[in-house]
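Below is one structure, written out as structure tokens, with a few remarks after it.
Here, each number is a calculation from the coordinates, and none is a lab measurement. Bear in mind the structure is a predicted one, so any value in this text is a computation, not a measurement. Because the Cβ atoms are built from the backbone with ideal geometry, glycine has one as well, and the counts that use them run over all protein chains shown.
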Amino acid sequence: MNFILDNTSTEEDIISSLDEYGICLIKRFFSEEDISKLYSQLNELYDMISDGCHGYFYSPNNVELSSEKDYLSGKAMRIFPQYYINVPQILEMFVKNDLLNKVLDQHFSKNCQRFLQTFSTRENKLVDDKNLPRNSHMHIDPYESLKFATFFQKTTKENGALRVIPKSFGEGSIIRMEFISNNKGKGQYGGDPHRLNEFPREMVSFNETDGVYLDCDIGDLVILNTDNYHSGGTLLKSSSRQALYVHNRP
């Protein structure tokens with residue numbers, strides 16, 4: 001797969017991959033030491049969240065721990081910039097990373113909304129299709145976004161590896177602008193319709209079977225244009241996966 005790069009890749013290499021495929025996977029981008037520190041800091045937050053629930057970390061003085069069982073495959077959290085001071089590895093690995101900032105400058109602009117929230121999930125329970133969370137269905141995001149993702153275990157199809165349909169972002173952007181934006185709140189759980197099977201058939205030329213699983217090692221970085229069809233976190237056997245996605249928008 002030509003969107004897989006090594007850790008000597010330049011800003012131009014990354015932009016070229018995003019322009020062609022809407023995705024790139026950079027091998028060994030982070031050190032295992034950095035990943036271990038981030039894993040430890042996130043787990044302190046996960047310890048605060050009940051099984052099957054979300055945590056929202058807005059600022060050190062504003063933390064919301066949901067009691068609603070809306071993530072039955074494990075736990076999930078959203079961390080916002082004012083809370084990053086309590087998760088300093090997000091600052092060190094992403095916010096202060098010169099290469100990632102240059103990629104955002106080129107892909108969006110110097111004035112883009114960068115590192116505006118971090119989404120993390122920990123999947124450790126098998127659930128049936130009707131109880132899969134929103135992110136585990138093949139979907140596109142209802143807003144234009146570039147995400148930086150990394151994982152804390154080696155990921156495979158069996159333990160919920162990220163699945164992507166490369167080169168689908170052109171179609172996805174049209175659906176986002178022409179369908180999702182005109183049907184706000186009409187999708188799963190009262191959210192925006194974002195799943196591939198919710199879109200008008202005449203707008204869709206791809207199938208779920210077109211998706212490829214990204215077998216990632218610890219330290220790999222995925223950069224994803226979320227207009228590409230994608231999904232993640234569907235466990236096929238008893239195992240676990242923990243992921244982190246840093247969101248950036250125009």
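Subtracting the Cα-Cα distance of GLU202 and GLN188 from 0.36 nm times their residue separation leaves 3.0 nm of extension gain. Here each label is just a point 7 Å from Cα along the line to Cβ, and for MET177 and ASP210 those points are 1.9 nm apart.
What is the gain in length, in nm to one decimal, between LEU91 and ARG28 on full extension, counting 0.36 nm per residue of separation less the C-alpha to C-alpha distance?
Gain on extension, LEU91 to ARG28, equals 20.8 nm.
Taking the fewest neighbouring Cβ atoms within 10 Å as the starting point, the ordered list for ARG134, ARG163 is ARG134, ARG163.
Would you kindly state how much longer the chain becomes between TYR143 and LYS69 on full extension, computed as 0.36 nm times their sequence separation minus their alpha carbon distance, in nm to one decimal?
Values: separation 74, 0.36 × 74 = 26.64 nm, distance 2.52 nm.
Using 0.36 nm per residue and subtracting the Cα-Cα distance, I get 24.1 nm.
The calculated FRET efficiency for GLN113 paired with LEU236, based on their beta-carbon distance and R0 = 30 Å, is about 0.30.
Using 25 Å as the Cα-Cα cut-off, could you pick out the over-long pairs in LYS69/LYS125; LYS69/LYS130; LYS69/LYS167; LYS75/LYS147; LYS102/LYS186; LYS75/LYS130? From the list (LYS69/LYS125; LYS69/LYS130; LYS69/LYS167; LYS75/LYS147; LYS102/LYS186; LYS75/LYS130), the Cα-Cα distance tops 25 Å for LYS69/LYS167; LYS102/LYS186.
In order along segment 233-250, phi translates into HN-Hα couplings of x, 8, 6, 9, 8, 4, 6, 8, 8, 10, 10, 9, 10, 9, 8, 9, 9, x Hz, rounded to whole numbers, per the Karplus curve 6.51 cos²θ - 1.76 cosθ + 1.60 with θ = phi - 60° and x for Gly and Pro.
Once both labels are positioned 7 Å from their Cα atoms along Cα-to-Cβ, the gap between LYS154 and SER16 label points is 3.0 nm. Provide the FRET efficiency to the nearest 0.05 for the ASP51-LYS167 pair, computing r from the beta carbons and using R0 = 45 Å. Efficiency at R0 = 45 Å is approximately 0.75.
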